[in-house]
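Worksheet: the structure to be examined is printed underneath.
The values are calculated or read from the model by the stated rules, or taken from the named source; none is laboratory data. Small disclaimer: the values here were computed from a predicted structure and weren't measured. Don't worry about glycine lacking a Cβ; one is built from the backbone with ideal geometry, like all the others, and counts go over all protein chains shown. Areas reflect the complete protein model, heavy atoms only, side chains present, ligands, DNA and RNA absent. Shrake-Rupley method; radii C 1.70, N 1.55, O 1.52, S 1.80 Å.
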Amino acid sequence: MKSLAELQAIKDKMKDKVVLREGSAQKRVVVGMATCGIAAGARPVLNAFVEGVNKEGLSGEVAVTQTGCIGICQYEPVVEIFEPGKDKVTYVKMTAEKADRVIKEHLKGGKVVTEYTIAAFAK
Amino acid sequence: MKELSLNILDIAENSVKAKAPLTEIRIDETEKTLTIAVIDNGCGMTHEILKKVTDPFYTTRTTRKVGLGIPFFKMEAEMTGGTFSISSKSEKEHPADHGTRIEATFKKDHIDYIPLGDVVSTMTTLIQGHPESDFLFHHVFPGGEAFLDTREIRKELGPDVPLSEFEVITWIGEYLKEQYTSN
Ligand SMILES: Nc1ncnc2c1ncn2[C@@H]1O[C@H](COP(=O)(O)OP(=O)(O)O)[C@@H](O)[C@H]1O
(Lines give C-alpha, C1' and ligand atoms only; values in the text may rest on other atoms or scores of the structure.)
Protein backbone atom coordinates (compact mmCIF):
# COMPACT_ATOMS: atom_id res chain seq x y z
CA MET A 1 0.00 0.00 0.00
CA LYS A 2 1.33 3.44 -0.88
CA SER A 3 1.48 5.91 1.98
CA LEU A 4 1.89 9.66 2.19
CA ALA A 5 5.23 9.06 3.91
CA GLU A 6 6.69 8.10 0.52
CA LEU A 7 6.36 11.73 -0.50
CA GLN A 8 9.22 12.50 1.85
CA ALA A 9 11.57 10.58 -0.43
CA ILE A 10 10.29 12.45 -3.48
CA LYS A 11 10.76 15.72 -1.62
CA ASP A 12 14.38 14.91 -0.77
CA LYS A 13 15.12 13.80 -4.31
CA MET A 14 13.51 16.88 -5.84
CA LYS A 15 15.11 19.49 -3.62
CA ASP A 16 18.26 20.11 -5.66
CA LYS A 17 16.49 19.57 -8.93
CA VAL A 18 13.85 22.22 -8.25
CA VAL A 19 16.35 24.88 -7.30
CA LEU A 20 18.33 24.10 -10.42
CA ARG A 21 15.26 24.17 -12.57
CA GLU A 22 13.60 27.34 -11.35
CA GLY A 23 13.02 29.58 -14.32
CA SER A 24 15.21 27.50 -16.58
CA ALA A 25 12.45 26.01 -18.74
CA GLN A 26 12.85 27.86 -22.03
CA LYS A 27 10.26 26.11 -24.13
CA ARG A 28 6.59 26.04 -23.31
CA VAL A 29 4.00 23.53 -24.48
CA VAL A 30 0.48 24.89 -23.90
CA VAL A 31 -2.52 22.57 -24.21
CA GLY A 32 -6.03 24.03 -24.57
CA MET A 33 -8.26 22.51 -21.86
CA ALA A 34 -11.62 24.27 -22.26
CA THR A 35 -14.88 22.38 -22.90
CA CYS A 36 -14.25 22.06 -26.64
CA GLY A 37 -10.68 20.84 -26.14
CA ILE A 38 -11.60 18.31 -23.45
CA ALA A 39 -14.47 16.94 -25.55
CA ALA A 40 -12.16 16.56 -28.55
CA GLY A 41 -9.52 14.60 -26.60
CA ALA A 42 -7.17 17.11 -24.95
CA ARG A 43 -6.70 15.03 -21.77
CA PRO A 44 -4.72 12.16 -23.37
CA VAL A 45 -2.74 14.72 -25.43
CA LEU A 46 -1.77 16.60 -22.27
CA ASN A 47 -0.77 13.36 -20.56
CA ALA A 48 1.31 12.28 -23.56
CA PHE A 49 3.27 15.55 -23.37
CA VAL A 50 3.73 15.32 -19.60
CA GLU A 51 5.02 11.76 -19.84
CA GLY A 52 6.94 12.10 -23.10
CA VAL A 53 8.82 15.25 -22.08
CA ASN A 54 9.97 13.46 -18.95
CA LYS A 55 10.86 10.24 -20.77
CA GLU A 56 12.98 12.10 -23.30
CA GLY A 57 14.82 13.87 -20.47
CA LEU A 58 13.50 17.30 -21.51
CA SER A 59 11.83 18.32 -18.25
CA GLY A 60 14.59 20.84 -17.48
CA GLU A 61 14.00 22.81 -20.65
CA VAL A 62 10.34 22.22 -21.52
CA ALA A 63 7.37 23.25 -19.36
CA VAL A 64 4.00 21.64 -20.12
CA THR A 65 1.08 23.86 -19.12
CA GLN A 66 -2.66 24.16 -19.67
CA THR A 67 -4.84 27.01 -20.80
CA GLY A 68 -8.51 27.75 -21.47
CA CYS A 69 -10.12 28.24 -24.85
CA ILE A 70 -7.66 29.13 -27.61
CA GLY A 71 -10.57 30.18 -29.82
CA ILE A 72 -10.32 27.73 -32.71
CA CYS A 73 -12.72 25.06 -31.46
CA GLN A 74 -13.01 23.27 -34.81
CA TYR A 75 -9.29 22.41 -34.64
CA GLU A 76 -9.22 21.02 -31.08
CA PRO A 77 -7.25 19.51 -29.44
CA VAL A 78 -4.92 22.45 -29.99
CA VAL A 79 -1.34 22.66 -28.70
CA GLU A 80 0.84 25.76 -28.92
CA ILE A 81 4.62 25.65 -28.63
CA PHE A 82 6.55 28.73 -27.59
CA GLU A 83 10.32 28.95 -27.94
CA PRO A 84 12.42 32.03 -27.27
CA GLY A 85 13.35 33.87 -30.44
CA LYS A 86 11.00 31.82 -32.62
CA ASP A 87 7.45 32.18 -33.90
CA LYS A 88 4.74 30.33 -32.00
CA VAL A 89 3.85 26.97 -33.57
CA THR A 90 0.19 25.89 -33.40
CA TYR A 91 -0.51 22.18 -33.73
CA VAL A 92 -4.12 21.17 -34.36
CA LYS A 93 -6.30 18.06 -34.15
CA MET A 94 -3.70 16.52 -31.89
CA THR A 95 -3.61 12.96 -30.55
CA ALA A 96 -1.30 11.21 -28.10
CA GLU A 97 0.54 9.60 -31.05
CA LYS A 98 1.08 12.94 -32.76
CA ALA A 99 2.31 14.33 -29.44
CA ASP A 100 5.04 11.67 -29.34
CA ARG A 101 6.28 12.75 -32.75
CA VAL A 102 6.20 16.44 -31.82
CA ILE A 103 8.25 15.70 -28.70
CA LYS A 104 10.89 13.74 -30.59
CA GLU A 105 11.12 15.81 -33.78
CA HIS A 106 10.27 19.33 -32.63
CA LEU A 107 11.09 19.63 -28.95
CA LYS A 108 14.10 17.33 -29.08
CA GLY A 109 15.17 17.55 -32.71
CA GLY A 110 14.34 21.22 -33.32
CA LYS A 111 12.31 20.51 -36.47
CA VAL A 112 8.66 21.56 -36.69
CA VAL A 113 6.28 18.74 -37.71
CA THR A 114 4.74 20.83 -40.48
CA GLU A 115 1.97 18.41 -41.41
CA TYR A 116 0.33 18.75 -37.97
CA THR A 117 0.36 22.55 -37.90
CA ILE A 118 -2.66 24.75 -38.42
CA ALA A 119 -1.14 26.06 -41.64
CA ALA A 120 -1.27 22.53 -43.12
CA PHE A 121 -4.91 22.04 -42.07
CA ALA A 122 -6.21 25.45 -43.08
CA LYS A 123 -5.16 24.89 -46.69
CA MET B 1 -18.29 13.79 -23.82
CA LYS B 2 -17.13 10.19 -24.09
CA GLU B 3 -16.66 9.71 -20.35
CA LEU B 4 -18.26 11.39 -17.36
CA SER B 5 -14.76 11.86 -15.97
CA LEU B 6 -14.20 14.36 -18.80
CA ASN B 7 -17.28 16.31 -17.68
CA ILE B 8 -15.81 16.34 -14.18
CA LEU B 9 -12.57 17.78 -15.58
CA ASP B 10 -14.50 20.43 -17.48
CA ILE B 11 -16.71 21.42 -14.54
CA ALA B 12 -13.77 21.49 -12.11
CA GLU B 13 -11.80 23.71 -14.50
CA ASN B 14 -14.54 26.32 -13.97
CA SER B 15 -13.97 26.11 -10.22
CA VAL B 16 -10.27 26.75 -10.67
CA LYS B 17 -11.05 29.62 -13.05
CA ALA B 18 -13.33 31.03 -10.32
CA LYS B 19 -10.20 31.16 -8.13
CA ALA B 20 -11.41 28.51 -5.71
CA PRO B 21 -8.70 27.66 -3.17
CA LEU B 22 -10.40 24.28 -2.70
CA THR B 23 -12.48 22.22 -5.11
CA GLU B 24 -14.18 19.12 -3.82
CA ILE B 25 -15.11 16.30 -6.17
CA ARG B 26 -17.43 13.68 -4.75
CA ILE B 27 -18.66 10.61 -6.58
CA ASP B 28 -21.23 8.49 -4.83
CA GLU B 29 -22.00 5.31 -6.64
CA THR B 30 -24.51 2.56 -5.95
CA GLU B 31 -25.36 -0.46 -8.11
CA LYS B 32 -27.97 1.60 -9.96
CA THR B 33 -26.97 5.27 -9.66
CA LEU B 34 -23.95 7.51 -9.84
CA THR B 35 -23.92 10.99 -8.31
CA ILE B 36 -21.23 13.53 -9.10
CA ALA B 37 -20.85 16.67 -6.99
CA VAL B 38 -18.34 19.44 -7.65
CA ILE B 39 -18.23 21.93 -4.80
CA ASP B 40 -15.93 24.93 -4.71
CA ASN B 41 -15.29 28.01 -2.61
CA GLY B 42 -14.53 30.25 -5.57
CA CYS B 43 -16.05 33.60 -6.52
CA GLY B 44 -19.48 32.11 -7.26
CA MET B 45 -22.12 33.47 -9.62
CA THR B 46 -24.81 36.10 -9.37
CA HIS B 47 -28.46 35.08 -9.91
CA GLU B 48 -28.35 36.47 -13.40
CA ILE B 49 -25.35 34.39 -14.51
CA LEU B 50 -26.67 31.33 -12.71
CA LYS B 51 -29.86 31.46 -14.77
CA LYS B 52 -27.84 31.62 -17.97
CA VAL B 53 -25.33 28.85 -17.36
CA THR B 54 -27.82 26.01 -17.43
CA ASP B 55 -29.53 27.22 -20.58
CA PRO B 56 -27.40 27.52 -23.70
CA PHE B 57 -30.20 29.40 -25.47
CA TYR B 58 -30.92 31.92 -22.77
CA THR B 59 -28.55 34.51 -24.08
CA THR B 60 -29.75 36.74 -26.92
CA ARG B 61 -26.24 37.76 -27.80
CA THR B 62 -24.76 36.53 -31.05
CA THR B 63 -21.28 35.97 -29.66
CA ARG B 64 -21.20 33.08 -27.26
CA LYS B 65 -20.59 34.59 -23.83
CA VAL B 66 -21.68 31.56 -21.88
CA GLY B 67 -20.19 28.16 -22.45
CA LEU B 68 -21.58 24.72 -23.10
CA GLY B 69 -19.94 22.70 -20.34
CA ILE B 70 -22.69 22.96 -17.75
CA PRO B 71 -25.64 22.49 -20.20
CA PHE B 72 -23.87 19.37 -21.57
CA PHE B 73 -23.49 17.90 -18.12
CA LYS B 74 -27.11 18.65 -17.21
CA MET B 75 -28.39 17.11 -20.43
CA GLU B 76 -26.30 13.96 -20.02
CA ALA B 77 -27.73 13.39 -16.53
CA GLU B 78 -31.32 14.10 -17.52
CA MET B 79 -31.06 11.83 -20.56
CA THR B 80 -30.60 8.88 -18.21
CA GLY B 81 -33.67 9.86 -16.17
CA GLY B 82 -31.40 11.41 -13.57
CA THR B 83 -31.32 14.84 -11.99
CA PHE B 84 -29.19 17.98 -12.04
CA SER B 85 -28.89 20.88 -9.64
CA ILE B 86 -26.71 23.94 -9.32
CA SER B 87 -26.47 26.53 -6.58
CA SER B 88 -24.07 29.37 -6.12
CA LYS B 89 -23.33 32.27 -3.82
CA SER B 90 -21.40 35.14 -5.32
CA GLU B 91 -18.54 36.71 -3.47
CA LYS B 92 -20.17 40.12 -3.91
CA GLU B 93 -23.34 39.14 -2.07
CA HIS B 94 -21.78 36.66 0.35
CA PRO B 95 -18.26 37.83 1.11
CA ALA B 96 -17.78 35.39 3.99
CA ASP B 97 -19.30 32.27 2.47
CA HIS B 98 -19.27 31.99 -1.30
CA GLY B 99 -18.87 29.30 -3.92
CA THR B 100 -20.65 26.95 -6.26
CA ARG B 101 -22.12 23.48 -5.99
CA ILE B 102 -23.04 21.41 -9.02
CA GLU B 103 -24.58 18.00 -8.59
CA ALA B 104 -25.85 15.46 -11.08
CA THR B 105 -27.27 11.98 -10.63
CA PHE B 106 -27.14 9.41 -13.42
CA LYS B 107 -29.13 6.19 -13.76
CA LYS B 108 -26.56 3.56 -14.66
CA ASP B 109 -28.92 1.07 -16.29
CA HIS B 110 -30.29 3.59 -18.81
CA ILE B 111 -29.02 3.07 -22.36
CA ASP B 112 -27.91 6.71 -22.59
CA TYR B 113 -25.69 6.37 -19.54
CA ILE B 114 -22.11 7.40 -20.31
CA PRO B 115 -19.48 5.45 -18.36
CA LEU B 116 -17.46 7.25 -15.69
CA GLY B 117 -14.14 6.42 -17.36
CA ASP B 118 -10.71 7.38 -16.12
CA VAL B 119 -11.23 9.61 -13.07
CA VAL B 120 -7.63 9.09 -11.99
CA SER B 121 -6.49 10.78 -15.18
CA THR B 122 -8.93 13.63 -14.54
CA MET B 123 -7.44 14.19 -11.09
CA THR B 124 -3.81 14.11 -12.26
CA THR B 125 -4.66 16.46 -15.13
CA LEU B 126 -6.32 18.95 -12.77
CA ILE B 127 -3.41 18.88 -10.35
CA GLN B 128 -0.78 19.09 -13.10
CA GLY B 129 -2.46 22.17 -14.55
CA HIS B 130 -3.23 23.87 -11.26
CA PRO B 131 -0.56 22.98 -8.71
CA GLU B 132 -1.50 25.98 -6.54
CA SER B 133 -5.13 24.89 -6.11
CA ASP B 134 -6.29 22.25 -3.68
CA PHE B 135 -8.53 19.33 -4.57
CA LEU B 136 -10.42 16.97 -2.34
CA PHE B 137 -11.49 13.81 -4.12
CA HIS B 138 -13.73 11.14 -2.68
CA HIS B 139 -15.25 8.31 -4.70
CA VAL B 140 -17.48 5.87 -2.86
CA PHE B 141 -18.51 2.82 -4.88
CA PRO B 142 -20.05 -0.56 -4.10
CA GLY B 143 -17.34 -2.45 -2.25
CA GLY B 144 -14.89 0.35 -1.66
CA GLU B 145 -13.72 3.92 -1.91
CA ALA B 146 -10.90 6.11 -3.21
CA PHE B 147 -9.69 9.28 -1.54
CA LEU B 148 -7.22 12.07 -2.19
CA ASP B 149 -6.61 15.40 -0.45
CA THR B 150 -3.92 17.56 -2.05
CA ARG B 151 -3.64 19.57 1.18
CA GLU B 152 -2.16 16.49 2.85
CA ILE B 153 0.24 15.99 -0.06
CA ARG B 154 1.24 19.64 0.02
CA LYS B 155 2.00 19.37 3.72
CA GLU B 156 4.32 16.42 3.13
CA LEU B 157 6.13 18.07 0.23
CA GLY B 158 6.66 21.45 1.83
CA PRO B 159 6.73 24.78 0.00
CA ASP B 160 9.56 24.03 -2.45
CA VAL B 161 8.20 21.11 -4.44
CA PRO B 162 5.26 22.03 -6.70
CA LEU B 163 2.50 19.44 -7.05
CA SER B 164 2.94 19.60 -10.82
CA GLU B 165 6.37 17.93 -10.67
CA PHE B 166 6.37 14.79 -12.79
CA GLU B 167 7.37 12.54 -9.88
CA VAL B 168 4.55 13.91 -7.73
CA ILE B 169 1.91 13.57 -10.45
CA THR B 170 3.05 10.01 -11.14
CA TRP B 171 2.89 9.17 -7.45
CA ILE B 172 -0.63 10.63 -7.16
CA GLY B 173 -1.78 8.58 -10.16
CA GLU B 174 -0.42 5.38 -8.66
CA TYR B 175 -1.75 6.21 -5.21
CA LEU B 176 -5.27 6.58 -6.60
CA LYS B 177 -5.10 3.59 -8.93
CA GLU B 178 -4.03 1.37 -6.07
CA GLN B 179 -7.14 2.32 -4.11
CA TYR B 180 -9.30 1.06 -6.97
CA THR B 181 -7.49 -2.24 -7.39
CA SER B 182 -7.11 -3.09 -3.71
CA ASN B 183 -10.81 -2.78 -3.02
N1 LIG C 1 -17.73 27.00 -10.41
C2 LIG C 1 -17.98 28.21 -10.94
N3 LIG C 1 -17.76 29.34 -10.23
C4 LIG C 1 -18.00 30.56 -10.78
N5 LIG C 1 -18.47 30.76 -12.03
C6 LIG C 1 -18.72 29.68 -12.78
C7 LIG C 1 -18.50 28.34 -12.28
N8 LIG C 1 -18.86 27.46 -13.23
C9 LIG C 1 -19.27 28.20 -14.29
N10 LIG C 1 -19.20 29.52 -14.03
C11 LIG C 1 -19.57 30.63 -14.94
O12 LIG C 1 -20.38 30.11 -15.97
C13 LIG C 1 -19.77 30.31 -17.25
C14 LIG C 1 -20.10 29.16 -18.18
O15 LIG C 1 -19.54 27.94 -17.78
P16 LIG C 1 -19.49 26.74 -18.78
O17 LIG C 1 -20.89 26.39 -19.21
O18 LIG C 1 -18.74 25.59 -18.21
O19 LIG C 1 -18.73 27.29 -20.03
P20 LIG C 1 -17.19 27.79 -20.26
O21 LIG C 1 -16.37 27.22 -19.15
O22 LIG C 1 -16.85 27.23 -21.60
O23 LIG C 1 -17.26 29.29 -20.25
C24 LIG C 1 -18.30 30.47 -16.92
O25 LIG C 1 -17.61 31.19 -17.92
C26 LIG C 1 -18.36 31.22 -15.59
O27 LIG C 1 -18.61 32.59 -15.79
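For the protein assembly as shown, the share of DSSP beta bridges that are antiparallel, to the nearest 5, is 75%.
Rolling a 1.4 Å probe across all protein chains gives A:D100 an accessible area of roughly 70 Å². What whole number of Å gives the distance from the Cα centroid of the stretch A:22-71 to the Cα centroid of the stretch B:134-168? A separation of 21 Å, based on Cα centres.
Computed over Cα pairs, the Kirkwood radius of the protein assembly as shown leads via Stokes-Einstein (1.567 mPa s, 4 °C) to a diffusion coefficient of 63 µm² per second. Here the spin labels are modelled as points 7 Å beyond Cα on the Cα-Cβ line, and at B:T46 and A:D100 they lie 5.1 nm apart. Between the helical axis of A:42-55 and the longest alpha-carbon principal axis of chain A there is an angle of about 50 degrees. Beta bridges assigned by DSSP with both partners in the stretch A:25-121 are antiparallel in approximately 55 percent of cases. Considering only B:P21, B:P159, B:P115, the mean-square fluctuation computed in a Gaussian network model of chain B, springs between alpha carbons under 10 angstrom, is largest for B:P159.
When only the Cβ of Lys, Arg, Asp and Glu is charged (+1, +1, -1, -1), the dipole of chain A relative to its Cα centre reaches about 80 debye.
Cross-link partners for A:K86 among the lysines, with Cα-Cα distance under 21 Å and sequence neighbours closer than 8 places in the same chain left out: A:K27, A:K104, A:K108, A:K111. About its Cα centre, the dipole of chain B is roughly 880 debye, where the only charges are +1 on Lys and Arg Cβ and -1 on Asp and Glu Cβ. With Cβ to Cβ distances under 14 Å as the rule, what net charge do the other residues near A:K11 carry (K, R +1; D, E -1)? So the surrounding residues net to -3.
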